[in-house]
Amino acid sequence: MMLENNVVIVTGAASPRGIGRATASALAAQGAKVVVLDLRQADAERAALELGAGHLGIACDVTDREACHLAARATLETYGRIDGLVNNAGITQPVRTLDIQPANFDAVVDVNLRGTLYMSQAVLPQMKAQRRGSIVCMSSVSAQRGGGIFGGPHYSAAKAGVLGLARAMAREFGGDNIRVNSITPGLIQTDITGDKLTVEMRADIIKGIPLGRLGDAADVANACLFLISDLSAYLTGITLDVNGGMLIH
């Protein structure tokens, strides 16, 4: 198995049909010990238990720097190492530019961008000590094309910030044998999008996707698996599109 004896933290991984849960499952299937982080302890523990024996669930608000460090510390107390991090936690809001209020902007940027920084800060010292680690940061096609289907401009801005942050960290920590890469999913069928797409919307969107279908959480999870594992050992600072050809550039 590709990730045997590896310990990987996945943020925002408790939602049953979410990208985080699918990623946690894909990593666990390849032998990783997965640490599921989510807002509620009960949800995180339940998701970890459903992965099988030997996994860990921890409550963590990624916008709280101390909570991120406590989650990293709990991981080390349990497993003694941290090999990977998937910065998946995120929120979106369908708000147009002139309607974005300070609270909207703060909420979206805090979870998507600040949370990526805080959780990365929490694990990087251990990865430096090990001289080994892989971080995957979840961005979005909306960061590249200027807007998505459901996310407002502040979401695009936050996810574009994730790309810049990931590239800067890749440059800074490459000498420590720590890789940092990003994934930009297109429209993925999850709990967030599932109840918002009408039949007409779905058909119209699929017309613009060369592969002729919407993405599944497993499509993104497999990309995360690739970037966390040594299959991508010579990749850092890259942006991996997972969008079925929705955006070709």
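Every read-out reported here was derived from the displayed coordinates using simple, explicitly stated rules and does not represent laboratory data. All of these numbers come straight from a predicted model, not from anything done at the bench. Neighbour counts run over all protein chains shown; Cβ positions are idealised from the backbone, glycine included.
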GNM on the chain, Cα springs under 10 Å; top mean-square fluctuation among Q93, Q41, Q101 goes to Q101
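If packing is taken as the average count of other Cβ atoms within 10 Å, what order do 198-207, 83-92 fall into, highest mean first?
Details: 198-207: 10.9, 83-92: 25.8.
Peptide ranking by packing, descending: 83-92, 198-207.
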Quick check for me: using +1 on Lys/Arg Cβ and -1 on Asp/Glu Cβ, what's the dipole size of the chain about its Cα centre, in debye to the nearest 20? 460 debye
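Which value in deg cm²/dmol, rounded to the nearest 500, describes the helix-derived mean residue ellipticity at 222 nm for the chain, given -39,500 (n - 2.57) per DSSP H run of n ≥ 4 and division by the residue count?
On the way: 10 runs with 112 residues, N = 249.
My calculation for the chain gives -13500 deg cm²/dmol from helical runs alone.
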If you line up the Cα atoms of segment 1-77 on their principal axes, what length do they span on each, largest first, in Å? 34, 27, 18
Roughly how tilted is helix 19-29, in degrees to the nearest 10 and between 0 and 90, from the longest Cα axis of the chain? 40 degrees
Pairs of lysine residues in segment 7-241 - Cα separation under 26 Å, sequence separation of 8 or more or cross-chain: 5
Provide the per-residue ³J(HN,Hα) series for segment 108-121, in order, calculated from phi with Karplus coefficients 6.51, -1.76, 1.60 and θ = phi - 60°, each as a whole number of Hz, with x at glycine and proline positions. 6, 5, 4, 6, 6, 9, 4, x, 5, 5, 4, 5, 5, 4
Across segment 152-162, in residue order, what do the Karplus-derived ³J(HN,Hα) couplings come to in whole Hz, using 6.51 cos²θ - 1.76 cosθ + 1.60 with θ = phi - 60° and x for Gly and Pro? x, x, 5, 5, 4, 5, 5, 6, 5, x, 4
Could you work out which residue, out of I135, I209, I188, moves most in a Gaussian network model of the chain, that is, has the largest mean-square fluctuation with Cα springs under 10 Å? I209
Rg/Rh for segment 37-131 to two decimals, with Rh computed the Kirkwood way over all alpha-carbon pairs. 1.05
Could you give each residue of segment 62-79 its phi-based ³J(HN,Hα) in whole Hz, using Karplus coefficients 6.51, -1.76, 1.60 with θ = phi - 60°, and x for Gly or Pro? 5, 7, 9, 4, 5, 4, 5, 5, 5, 5, 5, 5, 5, 4, 5, 5, 7, 10
Largest first and rounded to whole Å, the semi-axes √(5λ) derived from the alpha carbon gyration tensor of the chain read 27, 19, 18
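Under a point-charge model restricted to the Cβ atoms of Lys and Arg (+1) and Asp and Glu (-1), what is the dipole moment magnitude of segment 113-249 relative to its Cα centre, in debye to the nearest 20? Before the final figure, lay out each step's value.
On the way: 13 positive and 10 negative charges, 83 e Å.
Roughly 400 debye, rounded to the nearest 20.
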If amide hydrogens are placed 1.01 Å from N in the peptide plane, which non-local residues have theirs closer than 5 Å to the one on A32? L3
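Could you work out the relative contact order of the chain? I mean the mean sequence separation of Cα pairs under 8 Å and 6+ apart, divided by the number of residues, in percent. It would help to have the intermediate numbers written out before the result.
On the way: 517 pairs, mean separation 48.3, N = 249.
Rounded, it is 19 percent for the chain.
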